[in-house]
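Here's the structure, in structure tokens; my notes come after.
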Amino acid sequence: MRIVYVNGHFVPEDEAKISVFDRGFLFADAIYEVTSVADGKMIDFEAHMARLKRSMRELDFEISFDNDELRSLHQEIIDQNDLAEGVIYLQVTRGAADRDFNFSEMTGSASVVLFSQVKKLVENPSAKIGASVQLVEDKRWLRADIKTVQLLYSSLVKTRAIKAGFDDVWMHRDGLITEGSSSNVYIVNDQSEIITHQLNDTVLHGITRRAVLAVAESLQMKVIERAFSIEELLSAKEAFATSASGFVNPVVNVENHAIGGGAPGPVSTALRNEYMRTSMKMV
Ligand code: PDD
């Protein structure tokens, strides 16, 4: 049984408890981070915590955390669960209070939860064969840059896509692709340029995105940060997605239309390999 962390205590998962009045439960008033662990070490921990703090600022959370404290909570989860490879989930909610849309009178303090999930990140079979995606309209709120737990739309469309035989969804707004259900997304065009949505309010500022773009630069690949259209996606040479739990994942089929001959291409493959080589050192 896993050991999880809840508000100051490490406890077996079936003893972990959160109030029914917690605003994370009642209002999705909570933010989260997912940090991957490979070979027992966290990847890009500081960057994940920096984004956590940004999410809290954007939502007027009044608490602050010390990075050393957060690091030792993560490390304790790794140690107590013997986690060699997988992810650590951290969620911070505004805390428990009588149900009220106005939170300015709240006196309770934030709830903090951490748990781990074992996951094969390095030897991920889907990365070898490539994934298929369905395209759906992006109907999320317009602050997708804040990593909140209000994930119902993405969860619903991904579930429906899987039922329809796809692996995931990529979302679009006004004919332009924004991101995947839980990943940033990219195409490679005929000139071997990598194109990915620019950072603004409509996409999450991915930690893996940042690392992978740095890797692309180190490999002398050209990167263009702008939105690409559905048409550009369908005629791309390659497509791929990035996330902390997926690293770099090639996409070889969009709406039953083969991309790049239907197999992972050289750019995605090189980026995945180089990202894994460099990120394992980046704790
Ligand atoms: N999701 N876009 C969205 C909507 C995401 O949910 C995620 C990550 C990303 C990639 O961000 P990063 O590289 O920092 O993981 C982009 C996590 C993994 C999740 O919800 O499980």
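The values are calculated or read from the model by the stated rules, or taken from the named source; none is laboratory data. Since the model is a prediction, treat every value here as computed from it, not as a measurement. We place every Cβ from the backbone using ideal geometry, glycine too, and count neighbours over all the protein chains shown.
Residues in the range 130-139 that are crowded, with 19+ Cβ neighbours inside 10 Å and in a loop (DSSP other than H, G, I, E, B) were compared, and the one that is nearest to the ligand (Cβ to nearest atom) is Asp138.
Out of Asp44, Asp29, I need the residue that is under 19 Å from the mean Cα position of the chain (by Cα), surrounded by 13 or more Cβ atoms within 10 Å (Cβ to Cβ) and under 13 Å from Val112 (Cα atoms). Which one?
Asp29 is the lone residue from the list that is under 19 Å from the mean Cα position of the chain (by Cα), surrounded by 13 or more Cβ atoms within 10 Å (Cβ to Cβ) and under 13 Å from Val112 (Cα atoms).
Those strands (runs of 3 or more DSSP E) of the range 161-272 in which 3 or more residues are more than 15 Å from the ligand (Cβ to nearest atom) occupy 247-254. Residues that are without any contact (Cβ under 8 Å) to a residue 60 or more places away in the chain and surrounded by 20 or more Cβ atoms within 10 Å (Cβ to Cβ) do not occur anywhere in the range 245-257. For the range 73-97, filtering for residues that are part of a loop (DSSP other than H, G, I, E, B) and without any contact (Cβ under 8 Å) to a residue 24 or more places away in the chain leaves 1. Can we say Leu233 is farther than 26 Å from Lys119 by Cα, touching a residue at least 40 places away in the same chain (Cβ under 8 Å) and surrounded by 15 or more Cβ atoms within 10 Å (Cβ to Cβ)? So Leu233 fits the description; yes. For the range 149-160, residues that are outside any loop (DSSP other than H, G, I, E, B) and either within 13 Å of the ligand (Cβ to nearest atom) or of a type in the set (Lys, Arg) (or both) total 7. Residue count for the range 4-51 under the criterion of being under 29 Å from Asp100 (Cβ atoms), within 16 Å of the ligand (Cβ to nearest atom) and touching a Leu at 6+ places or on another chain (Cβ under 7 Å): the result is 3. Contact map, the range 111-123: first residue touching a residue at least 24 places away in the same chain (Cβ under 8 Å), second residue among the hydroxyl-bearing types (Ser, Thr, Tyr), Cβ cut-off under 6 Å, separation 6 or more or different chains; pairs are Ser111/Thr93; Leu114/Tyr5; Phe115/Tyr89; Leu121/Ser36. Looking across the range 55-72, the residues that are surrounded by fewer than 18 Cβ atoms within 10 Å (Cβ to Cβ), assigned to a helix (DSSP H, G or I) and either touching a residue at least 12 places away in the same chain (Cβ under 8 Å) or outside the structural domain of Gly8 (by TED's automatic domain parsing) (or both) come down to Glu58, Asn67, Arg71.
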